[in-house]
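The values are calculated or read from the model by the stated rules, or taken from the named source; none is laboratory data. The structure presented is a predicted model; accordingly, all values stated were derived computationally and were not measured. Here the Cβ is made from the backbone with ideal geometry for all residues, glycine too, and neighbour counts use every protein chain on show. All accessible areas refer to the heavy atoms of the entire protein, side chains included, with ligands and DNA or RNA removed. Shrake-Rupley method; radii C 1.70, N 1.55, O 1.52, S 1.80 Å.
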Amino acid sequence: MSRAPLLEVKNLVTTFATDDGTVHAVDGVSLQIYPEETVGIVGESGCGKSVTAESILRLFDETTTRYDGEIRFAGQDLLQLSEEKMRAVRGNDISIIFQDPMSSLNPVYTIGDQIMEAITLHQQVSSRQARDRAVELLRLTGISDPEKRLRTYPHELSGGMRQRVMIALALSCEPQLLIADEPTTALDVTIQARSWS
């Protein structure tokens, strides 16, 4: 008996309406990802890798974005879900690690607040349990003195530390699918090698 794919993308097309006309950012991408499988998408800068990744989670403004094709996750077509149901999928069932942590982290909230919010939003846990989980995640991603780091703001951390926080955030709800958009870009080369070994 063959396994069903966890994610199946069929002929995905993502277009943006701009003042200069329609931009075809993704044009006919198809792929399958099975449970416990790692898939890499390789291509030159600007070819649509990041747009493909973010389209899977429908992260673009849908007043100016059109998606065509199918994005089936665990049997349901994500393109047919309401925005409310998509919010339940994002971060909980599917998480993404973005390339640029500074633009992805909220500058007015502490690191701890942001990780704990992600946990309590999707899981039935107490504030104490969410805090303990946040400390554990920061420790797992190589951040020293994680209890102290919970109280820091993004601008107080180096680029590499912010990237590790983004990885911790993405892992916080133990998603079934983790999308990593060049997640080690901001890390130094020794950490890059260790992160994915």
Computed label-point distance, nm, for sites residue 178 and residue 158 using a 7 Å Cα→Cβ extension:
2.2
Return the sequence-ordered ³J(HN,Hα) values of the range 107-118 in whole Hz as given by the Karplus equation 6.51 cos²θ - 1.76 cosθ + 1.60 applied to θ = phi - 60°, using x for Gly and Pro.
x, 9, 10, 5, 4, x, 4, 6, 5, 5, 4, 4
Among 175, 154, 35, the residue with the largest mean-square fluctuation in a Gaussian network model of the chain built from Cα contacts under 10 Å is 35
At 7 Å along Cα-to-Cβ for each site, give me the label-to-label distance between residue 11 and residue 44 in nm.
2.8
Accessible area, 1.4 Å probe, largest first: how do 84, 54 sort?
84, 54
Would you please give the residues with an amide H less than 5 Å from that of residue 96, counting only those at least 5 places away or on a separate chain, with H modeled from the backbone geometry?
91, 179
From the Cα centre of the range 160-179 to that of the range 60-86, the distance in Å is 22
Diffing the range 23-37: the Karplus 3J(HN,Hα) column from phi (6.51, -1.76, 1.60, θ = phi - 60°), in whole Hz with x for Gly and Pro, holds 9, 8, 7, 10, 9, x, 7, 10, 7, 10, 10, 9, x, 6, 9
Going by alpha carbons, how many degrees (0 to 90, nearest 10) lie between the helix axis of 127-140 and the longest principal axis of the chain?
80
For 97, 41, the accessible-area ranking with a 1.4 Å probe, largest leading, is 41, 97
Whole-Hz Karplus couplings 3J(HN,Hα) for the range 54-59, θ = phi - 60° and coefficients 6.51, -1.76, 1.60, Gly and Pro as x, run 6, 5, 4, 9, 6, 8
How many nm is it between the label spots at residue 100 and residue 129, if each spot is 7 Å from the Cα in line with the beta carbon?
3.7
Out of [x] 18.0; [y] 16.9; [z] 16.2, which label holds the value of Kirkwood radius over Cα pairs in Å that was computed here?
[x]
Roughly what % antiparallel, to the nearest 5, for the DSSP beta bridges in the range 1-156?
95
As a check on your grasp of the helix formula, calculate [θ] at 222 nm for the chain: sum -39500 (n - 2.57) over DSSP H runs of n ≥ 4, divide by the residue count, round to the nearest 500.
-9500 deg cm²/dmol
On average, how much accessible surface per residue is there in the range 123-168, in Å², for a 1.4 Å probe, leaving out ligands, DNA and RNA?
53
The aspartates and glutamates whose Cα lies under 19 Å from the Cα of residue 10, excluding any fewer than 8 residues away in the same chain, are 27, 37, 54, 68, 70, 77
